Amino acid sequence: MPVHTEINSAIEGQSVLGHSRDPLINRGLKRYNNKDCYRFVAAFDVKAKVKDLLREIAMRIEPESFLDIGDEVICEKAFIHSLKNKYSSEIKPASATHKATLWIFPHQTAVKVSIPHEEIRRAIAKRT
């Protein structure tokens, strides 16, 4: 499972699963890369991964996104662009003192790193 942490790295899939410490913020319908997409902002320890592969006939939201199942982004803040406004969300305990907002977008969705998580980037750099 490749982990992408660089700014502007993106994943895209037919279904995307993720979590963040703060609830998602819905920014409404926006024109993005010549497509009408619903924009959401996820912040504070964001982690998202591709759950289902993108259909072959689908036009990509992010032209340079990673598409394989298990591709993952980890960051401090991310922009989420989805073709549909529907997603499911629930709040669960992530640790004894913190909660996390879990979310699943069941339609074509792209998640793009806006602010990288520096500690994770340094740890990955040391590991390789």
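The numbers here are math on the coordinates, done by the rules we state, and not lab data. Model, not experiment: these values are computed from the prediction. In this analysis, Cβ positions are derived from the backbone assuming ideal geometry, glycine residues included, and neighbour counts consider all displayed protein chains.
Things worth noting here:
- Size descriptors for segment 67-116, from the alpha-carbon set: Rg then Dmax equal 12.5, 35 Å.
- Entries of K92/K112; K84/K126; K35/K99; K35/K77; K51/K92; K51/K99 with Cα pairs more than 31 Å apart: K84/K126; K35/K99
- Estimated FRET transfer efficiency (N33, K126; beta-carbon r; R0 30 Å; 0.05): 0.30
- When you work out D = kT/(6 pi eta Rh) for segment 3-127 at 20 °C and 1.002 mPa s, using the Kirkwood radius from C-alpha pairs as Rh and the Stokes-Einstein form, the result is 149 µm²/s.
- Fully extending the segment from R55 to D68, taken as 0.36 nm per residue of separation minus the present Cα-Cα distance, adds 3.5 nm.
- Per-peptide average of other Cβ atoms within 10 Å, ordering 45-58, 25-38 highest first: 45-58, 25-38
- Among beta bridges from DSSP that stay inside the chain, the antiparallel ones total about 95%.
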